[in-house]
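None of the figures in this text is laboratory data; all of them are computed from the coordinates on show. What you are looking at is a predicted structure, and each value in this text was computed from that prediction instead of being measured. Positions of Cβ are generated from backbone atoms using ideal geometry, with glycine treated the same way; all protein chains shown enter the neighbour counts.
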Ligand code: ISL
Ligand code: CA
């Protein structure tokens, strides 16, 4: 196996994603902030996470919760000050925690000074080539490309000129063809790395190179995507970024990417290619869309999900790339609501999902609240939702004449606000998040709290803590080969990890009914001991035949 066998500080670490707006409010304005994160660093330390990825906190009008950056060099007042940030960073480092900044370089807010300068100076602006600006065609936009958030992807700028926005119309796409734009971006990255941050999560990074003929598209959805995802100069730009920025620091980089497959992931993450350390891909999180439509709830196809994850493990590992291991982020519904069980098997299913992901090869990510099994928001009315994407989709479907109850069913299931409701620290009013009305309502299941999780020795929290420790203390989890057994089962995912003569056996069952199944052991091996499970077990020497709802076991074999 060539490629990713080298030891790196981020390979046995677990990343914890903080969505600052919803994590901890320190000054009772209903909005989470930097001092709130600072306060909770000991909690993250207790959990065992090594790297804290914080979603954007730069100056921003917050139309897309900070993914619309107006000033890369400053902290938004909502979250505090640069001094607060510096103190938080210092404290994190004292505790041995690393900070990963989220950086958005595919687009800026239309309030960014570069864009504002164009509004004033038009073609004469020195930033004119920083954005993608094209003349319209007979009073229509330059082509038919659509926005990911619904509707046309172009907005009038001045005279007959339009600018491209792949996301909201207040998020103008940057023109990476411009050498001076690229230099300005690298300069800004140096600013944060010199401050001492430990790495970057690069938002939608594989969209930065657009095919330059800007032709109409009738094939991809949204229209245009195939002309800008993994575009022609993508590898060149990432290599340049690596050469000019990453290479000079002991930092980690993770690229958020769409339209991915394992081969592309290998190309982006193979250490010999000098691009990024790892990427996010979300293929396995689309298996519950009904007929491919994200906004219509279907039955999750577990078999397909396991097959996808299995395929990524095998291919990316063999090709010398590196995987990120992810169930949820701030754009996704809660995983227990989706693939687990919200009621009777809440705890066991949450633990099973955690084990299935954390025993794989790659770097695991935990999204705030995942470690206590937080669930979807459960909001009933569109007024409770704040996300620009949910609101746009609601309007779009309403205009198309769809029934409100149908639309709301889809939004309740897929809205990005499911993952964005405030962190539930306690069961007091405000959930220990804030004493004021939070910017986004607290989820319906207020009984799931950090306070309870810390008291209960058998909680989901402590299960995650064990998983993190296992990875830290066992090289087999970091470097060991992955191999699937019992290929083709609809609900059981069985795999081994093997390293230096050691062999671990992982069984996860994704259903709420007891079944019997002959679990195969690799030839010539027997069980030495149980390393982790989510049920009390008396017999540790034989492999179970009766498999209980959402059961999960990790054995060490001999
Ligand atoms: O939200 C989505 C559905 O899961 C995705 O289509 C998402 O828009 C895409 O993964 C890109 O996400 C990132 O960039 C967006 C921002 O709104 C997201 O929050 C961010 O994670 C634009 O900056
Ligand atoms: Ca606050």
Q: Could you list 185, 527, 205, 120 in order of exposure, starting from the residue whose Cβ has the fewest other Cβ atoms within 10 Å?
A: 120, 527, 185, 205
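Among DSSP beta bridges lying fully in the chain, give the percent that are antiparallel, nearest 5.
Values: 43 of 68 bridges.
Percent antiparallel among DSSP bridges in the chain is about 65.
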Q. For the range 342-409 and the range 74-95, what is the separation of their C-alpha centers, rounded to whole Å?
A. 29
(Q) Report the Cα centroid-to-centroid distance between the range 488-558 and the range 254-291 in angstrom, as an integer. (A) 29
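If you take every DSSP beta bridge whose two residues both sit in the range 1-127, what share of them, in percent to the nearest 5, is antiparallel?
20
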Q: Go ahead and estimate [θ] at 222 nm for the chain from helices alone: -39,500 (n - 2.57) per DSSP H run with n ≥ 4, summed, over the residue count, rounded to 500.
A: -8500 deg cm²/dmol
(Q) Restricting to Cα pairs below 8 Å that are 6+ residues apart, what does the relative contact order work out to for the range 1-137? Please round to a whole percent. (A) 21
Q) Simple spin-label model, 7 Å along Cα-to-Cβ: residue 129 to residue 191 in nm? A) 2.2
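Tell me, in nm to one decimal, what length is gained between residue 71 and residue 499 on full extension, where the rule is 0.36 nm per residue of separation less the Cα-Cα distance? Present the calculation step by step, with values, prior to reporting the outcome.
Numbers: separation 428, 0.36 × 428 = 154.08 nm, distance 4.69 nm.
Residue separation times 0.36 nm, minus the Cα-Cα distance, leaves 149.4 nm.
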Q) Over what distance in Å are the Cα centres of the range 302-337 and the range 415-438 separated? A) 28
Q) In degrees from 0 to 90, rounded to the nearest 10, what is the angle of the helix 34-47 Cα long axis to the longest principal axis of the chain? A) 20
Q. Just the Cα atoms of the chain, one point each, no solvent: what log10 I(q)/I(0) does Debye give at q = 0.05 Å⁻¹?
A. -0.20
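Given the Cα-Cα distance of residue 137 and residue 452 and 0.36 nm per residue of separation, how much length would full extension add, in nm? Working shown, then result.
Numbers: separation 315, 0.36 × 315 = 113.40 nm, distance 6.05 nm.
Gain on extension, residue 137 to residue 452, equals 107.3 nm.
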Q. Relative to the longest principal axis of the chain, what angle (0 to 90°, nearest 10) does the C-alpha long axis of helix 82-94 take?
A. 20
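If I take every Cα pair under 8 Å that is 6 or more residues apart in the range 377-453, average their sequence separation and divide by the length, what percent do I get for the relative contact order? Could you put the intermediate results ahead of the total?
Numbers: 93 pairs, mean separation 25.9, N = 77.
In percent, rounded to a whole number, it is 34.
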Q: Determine, for 449, 426, the number of other Cβ atoms within 10 Å of each Cβ, and report the residues in order from fewest to most.
A: 426, 449
Q: Express in nm, to one decimal, how much length is gained between residue 436 and residue 294 on full extension, taking 0.36 nm for each residue of separation and deducting their alpha carbon distance.
A: 47.8 nm
(Q) Angle check, please: helix 179-195 long axis (alpha carbons) against the longest principal axis of the chain (alpha carbons), in degrees 0 to 90, nearest 10. (A) 50
Q: Neighbouring Cβ atoms within 10 Å as the yardstick, rank 19, 462 fewest first.
A: 462, 19
**Q.** Taking the chain and dividing mean pair separation by its residue count, relative contact order in percent (alpha carbons under 8 Å, at least six apart)
**A.** 14
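Among DSSP bridges having both ends in the range 80-213, what percentage is antiparallel? Round to the nearest 5.
Details: 13 of 17 bridges.
Roughly 75 percent of the DSSP beta bridges within the range 80-213 come out antiparallel.
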